[in-house]
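Here the structure is laid out as structure tokens; the discussion comes afterwards.
The values are calculated or read from the model by the stated rules, or taken from the named source; none is laboratory data. What you are looking at is a predicted structure, and each value in this text was computed from that prediction instead of being measured. We place every Cβ from the backbone using ideal geometry, glycine too, and count neighbours over all the protein chains shown.
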Amino acid sequence: MVNNKVSEFLIEKGLFITAIFSVVVSLVIIFFILMEGLPAVFKIGFFKFIFGLNWVPSDNEFGVLPMTVCSIYVTVLALIMAVPLSLLSAIFMAEIAPESIRRILKPAIETLSGIPSVVYGFFGLTILVRFVREVFGGTGFSLFTASLILAVMILPTIISVSQDSLRAVPKEYKEASLGLGATHWQTIKNIIVPAASPGIVTAIILGMGRAIGETLAVMMVAGNVAEIPNSILEPMRTITSNIALEMGYAVNIHYQALFASAIILFLIIITLLIIAKYIQNKYKIDLSSA
């Protein structure tokens, strides 16, 4: 009995220390980024840095607006393509597919999440760029191509988490709906999916986080032009790609400006997470009042 109490105490304290360590590491990273990036914001000027349209380090012009807009564009477009396909796949695997099919599909989808970014980048460079060029025109290096590759990359995350959320819905919900005369599809649409919506929103948040933070694959297919594209078939550059491309040779204010752009990326992610959490909480309220 004493040994059990000691074990529980040690496990509890160990988990607490691990959680505190994670928070401390996150705060240290945030502090480091702010310490390195804020001097550039003050030197360049807040509004000039945030809303500037030109990023020309050789002329000391550091306007981050084009990369900010492109980062949001490519993330939103990737989610528009990936979320419907992911949810339909998750519903099929959780509610429709036979167990034999599910045993094949689930490991296959989870394997996709382990493929390195550079492999996705090479796939996009050799297949998607050529496909977009021949079918839609342009050079093939574009916002649309980057969104396509990101959509493929975030599919496994959204599918896996959404499927787990759908299968976690109590069986009593489904049995009660079917017992009242609802069809299988009506039960899925009106009962199971709404009940699993908090987990589904979490899956979309995770996919969104990977999409907006992806660097290498996007850098290989986007064209890397620091301008706001007029169409989805024009080249563009995200914040993460800009940092990866220029950090190796940046010095002085250029180096600090790259860290300042990382602050902008951090703020974008926080804003998107707040919006997603608001939607998630709204779903919970609707479900509880239903």
Legend entry - Number of the condition not met by L166 [criteria: (1) within 25 Å of P194 (Cβ to Cβ); (2) in contact with a strand residue (DSSP E or B) (Cβ under 8 Å, 6 or more places away or on another chain)]: (2)
Legend entry - the range 162-174, residues that are part of a helix (DSSP H, G or I) and either touching an Asp or Glu at 6+ places or on another chain (Cβ under 7 Å) or surrounded by fewer than 21 Cβ atoms within 10 Å (Cβ to Cβ) (or both): D164, L166, R167, K171, E172, Y173, K174
Legend entry - Candidate set from the range 205-242 (those that are part of a helix (DSSP H, G or I), within 11 Å of S71 (Cβ to Cβ) and small (G, A, S)); member that is nearest to the chain's Cα centre (by Cα): A211
Legend entry - From the options G248, G179, residue that is modelled with pLDDT under 85, under 30 Å from R130 (Cβ atoms) and surrounded by fewer than 22 Cβ atoms within 10 Å (Cβ to Cβ): G248
Legend entry - Scope the range 30-75; condition free of Cβ contacts under 8 Å to residues at least 12 places away in the same chain, within 19 Å of V225 (Cβ to Cβ) and part of a helix (DSSP H, G or I); matching residues: S58, D59
Inset, instruction - Check W55 against each of (1) more than 23 Å from the chain's Cα centre (by Cα); (2) hydrophobic (A, V, I, L, M, F, W, C); (3) farther than 20 Å from I212 by Cβ and name the one condition it does not meet. - result: (3)
Legend entry - Test: residue in the range 89-96 that is in a loop (DSSP other than H, G, I, E, B) and modelled with pLDDT under 90: no
Legend entry - Test: residue in the range 74-82 that is more than 29 Å from L143 (Cβ to Cβ), crowded, with 16+ Cβ neighbours inside 10 Å and of a type outside the set (A, V, I, L, M, F, W, C): no
Legend entry - Index of the failed condition, I204 passing every other in (1) in contact with an Asp or Glu (Cβ under 7 Å, 6 or more places away or on another chain); (2) under 25 Å from I274 (Cα atoms); (3) of a type outside the set (G, A, S): (1)
